[in-house]
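The values are calculated or read from the model by the stated rules, or taken from the named source; none is laboratory data. Quick caveat: nothing in here was measured; it's all calculated off a predicted structure. With ideal geometry, Cβ positions are generated from the backbone for all residues, glycine too; neighbour counts draw on all protein chains shown.
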Amino acid sequence: MNETQQDPYANNGDVNAMPNVGRPGKRVFIETYGCQMNLADSELMGGILSQEGYTAAQSLEESDVILINTCAVREKAEERVFGRLSHLLRLKNENPELILGVTGCMANHLKESITKRAPYVDLVVGPDAYRRLPGLLVDAQNEEVDPLIDVKLDKREVYDGLKPVRTPGISAWISVQRGCDKFCTFCVVPFTRGRERGVPPEDILAQCHDIAERGYKEVTLLGQTVNSYVWEDWDFADLLAAIAKIDGLDRIRFTSPYPTDFKTKLLETMAEYDNICNYLHLPAQSGSDDVLERMKRMYTRQQFDDLVGEIRTIVPDMAMSTDIIVGFPGETDEDYEKTLDLMRKTRFDFGYLFKYSERSLTAAARGIPDDIPEEVKVERLSKLIALQEDISREIFQGRVGTTQQVMVIGDSRRDDTQLCGRTDDFKMTVFDKPDYELKPGDLVDVVVETATSHTLIGRVA
Ligand code: 5AD
């Protein structure tokens, strides 16, 4: 997989998503795997638990409760969680009182195999059951039978009225939509997260005002097919425009839009407001009509190309990234060539590139045999990664000599004499610290001097 610093799917559970609220109480550690929506859900669980007096554990060892917030979208993500759970068994052996819970998408998808492969798990909680978490934790403590399972999906649950405990920083996530109605044949999300529903705009706007007042500078609106958002007579463009008018939010992002849900009005709204970033993550999945049809994506290659054309007409400097699956059942060499052609012609700034893995419950698992040999998948993936690396490098190097406005994130991970930040169009940028102080969230002009395929490198203008 093409895992980069930009990868929105690369949460690896290495930090406690439960922030320290400084009150005494049972100590919780929440590890997050998978997408940004899972990060937002972990913050929501943190909020629900801190209301009940739970506090953040400083380490796994001192935790009373460990929650693993899981991802089921690809096989690899699931295997990683099973590996993690068997590792955590050691802590349960040391502390029999410890409650180990699995939350999120694997809860619905794998409740049976979790109980078989990790029978020491105490609690399995699906994405629509987080309000019941405090009660479930009490029950799990008193319960003799393992594990306690609550994976009921609820088509009305949007967690409005709750206060997530947000990760401190400059950037916040807000889920504006839950679930998915698209039923792409490869995808497990409709089964793990249930039907699509929007969060009421009043609730979203209240959260946006709250984060702006608390000093967050950037917000990312989240939904599985975020641009299909509706609430009474509000559509996604209306929601974006209302958020763009809030003082203090310098950068507004959203992910992921679905190709057939684009309206011209959304692109015009993006063009109209400076603080809506010129970056779109637009999953194509394949460049071949036959594959797109078997995936049930509901668009053709031509329609996708036309959409890219319209995007670039209305917002000429729009940066774009995509998701591609190689080795979908029945993908021929010609189909794969069409995906390479799509990548060469569209020239995405980044690509998140995956090998198909069959997910139980999906239409493909029930009716389209996973017939592409592993070696073919591996070869197609590595060739595609190499192509995208070349394109990304050319695009990034094309910025050399330009001045980019960068929002400071903080010290560069590799070198503390340097700062890192992102451009409006989401490119990671590294530059030497100037002789005055720059804080996270500050905007600074950087002249780009060199570039790799993932990073711009420069100096303050
Ligand atoms: N196999 C491989 N990749 C998948 N994705 C979703 N389901 C699968 C699967 N079964 C990829 C898609 C999606 C991204 C989130 O994960 O590209 O856009």
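I want to confirm something. Restricting to the stretch 61-81 and keeping residues that are hydrophobic (A, V, I, L, M, F, W, C) and either within 19 Å of F328 (Cα to Cα) or modelled with pLDDT of 95 or more (or both), which single residue is surrounded by the most Cβ atoms within 10 Å (Cβ to Cβ)? It would help to see each step written out before you state the result.
Of all residues in the stretch 61-81, those hydrophobic (A, V, I, L, M, F, W, C) come to 65-68, 71-73, 77, 81.
From what's left, either within 19 Å of F328 (Cα to Cα) or modelled with pLDDT of 95 or more (or both): 65-68, 72-73, 77.
Numbers: V65: 24, I66: 24, L67: 28, I68: 23, A72: 26, V73: 21, A77: 20.
Selected residue: L67.
In the stretch 274-296, which residues are within 24 Å of the chain's Cα centre (by Cα) and in a loop (DSSP other than H, G, I, E, B)?
Of the stretch 274-296, the ones within 24 Å of the chain's Cα centre (by Cα) are 274-287, 292, 295-296.
If the condition is that a residue be within 24 Å of the chain's Cα centre (by Cα) and in a loop (DSSP other than H, G, I, E, B), then D274, N275, C277, N278, L282, P283, A284, S286, G287, K296 are the ones that fit.
How many residues are farther than 30 Å from T429 by Cβ, more than 11 Å from the ligand (Cβ to nearest atom) and part of a helix (DSSP H, G or I) if we restrict to the stretch 369-404?
Of the residues in the stretch 369-404, the ones farther than 30 Å from T429 by Cβ are 369-380.
When the remaining residues are screened for being more than 11 Å from the ligand (Cβ to nearest atom), the result is 369, 371-376, 378-380.
Keeping just the survivors that are part of a helix (DSSP H, G or I) gives 374-376, 378-380.
Going through the stretch 369-404 one residue at a time, the tally reaches 6.
Pick from D415, D371: which is in the same structural domain as K182 (by TED's automatic domain parsing), acidic (D, E) and surrounded by fewer than 13 Cβ atoms within 10 Å (Cβ to Cβ)? Walk me through it before giving the result.
Details: D415 fails: in the same structural domain as K182 (by TED's automatic domain parsing).
It is D371.
Just to verify a result, which residue in the stretch 297-310, among those that are free of Cβ contacts under 8 Å to residues at least 60 places away in the same chain and not in a helix (DSSP H, G or I), is farthest from the ligand (Cβ to nearest atom)? Before you say what the answer is, go through the steps one by one.
Let us first name the residues in the stretch 297-310 that are free of Cβ contacts under 8 Å to residues at least 60 places away in the same chain, namely 299-310.
Checking which are not in a helix (DSSP H, G or I) leaves us with 299-300.
Working: Y299: 14, T300: 18 Å.
Among those residues, the one meeting the criterion is T300.
Count, please, the residues in the stretch 311-339 that happen to be within 16 Å of the ligand (Cβ to nearest atom), under 13 Å from L381 (Cα atoms) and part of a helix (DSSP H, G or I). Even if it seems obvious, please write down each step before you answer.
First pass over the stretch 311-339, keeping only residues within 16 Å of the ligand (Cβ to nearest atom): 320-331, 335-336, 339.
Checking the rest, the ones that are also under 13 Å from L381 (Cα atoms) come to 323-328, 331, 336, 339.
From the residues that got through so far, the ones that are part of a helix (DSSP H, G or I) too are 336, 339.
Counting residues in the stretch 311-339 that are within 16 Å of the ligand (Cβ to nearest atom), under 13 Å from L381 (Cα atoms) and part of a helix (DSSP H, G or I) gives 2.
Just checking, does the stretch 207-219 include any residue being at pLDDT 95 or above, closer than 16 Å to P283 by Cβ, assigned by TED's automatic domain parsing to the domain that holds I325 and assigned to a loop (DSSP other than H, G, I, E, B)? Give the derivation first.
So in the stretch 207-219, the residues at pLDDT 95 or above come out as 207-219.
Going one step further and asking which of them are closer than 16 Å to P283 by Cβ, we end up with none.
Looking through the stretch 207-219, none of the residues is at pLDDT 95 or above, closer than 16 Å to P283 by Cβ, assigned by TED's automatic domain parsing to the domain that holds I325 and assigned to a loop (DSSP other than H, G, I, E, B).
Within the stretch 80-190, considering only helices (runs of 4 or more DSSP H) that don't extend past its boundaries, which have at least 2 residues that are away from the ligand (no atom under 16 Å from the Cβ), assigned by TED's automatic domain parsing to the domain that holds I68 and within 14 Å of L67 (Cβ to Cβ)?
Values: elements: 105-109, 111-117, 133-142.
Ranges flagged: 133-142.
Could you give every pair whose Cβ atoms fall below 7 Å, whose first residue belongs to the stretch 164-179 and is more than 16 Å from V15 (Cβ to Cβ) and in contact (Cβ under 8 Å) with a residue 40 or more places away in the chain, and whose second residue is in a loop (DSSP other than H, G, I, E, B) and polar (S, T, N, Q), counting only separations of at least 6 or pairs across chains?
From the stretch 164-179, the pairs are Q177/Q224; G179/Q224.
Hey, can you tell me all the residues within the stretch 141-163 that are surrounded by 14 or more Cβ atoms within 10 Å (Cβ to Cβ) and either of a type outside the set (D, E) or without any contact (Cβ under 8 Å) to a residue 12 or more places away in the chain (or both)?
Within the stretch 141-163, Q141, P147, L148, I149, V151, L153, V158, Y159, L162, K163 qualify.
Please identify the pairs in which a residue from the stretch 346-368 that is under 13 Å from M295 (Cβ atoms) and in a strand (DSSP E or B) has its Cβ atom under 8 Å from the Cβ atom of a residue that is aliphatic (A, V, I, L, M) and more than 6 Å from the ligand (Cβ to nearest atom), counting only partners at least 6 apart or on another chain.
Close Cβ pairs (under 8 Å, with a partner that is aliphatic (A, V, I, L, M) and more than 6 Å from the ligand (Cβ to nearest atom)) amount to F354/M1; F354/I324; F354/V326; F354/L381.
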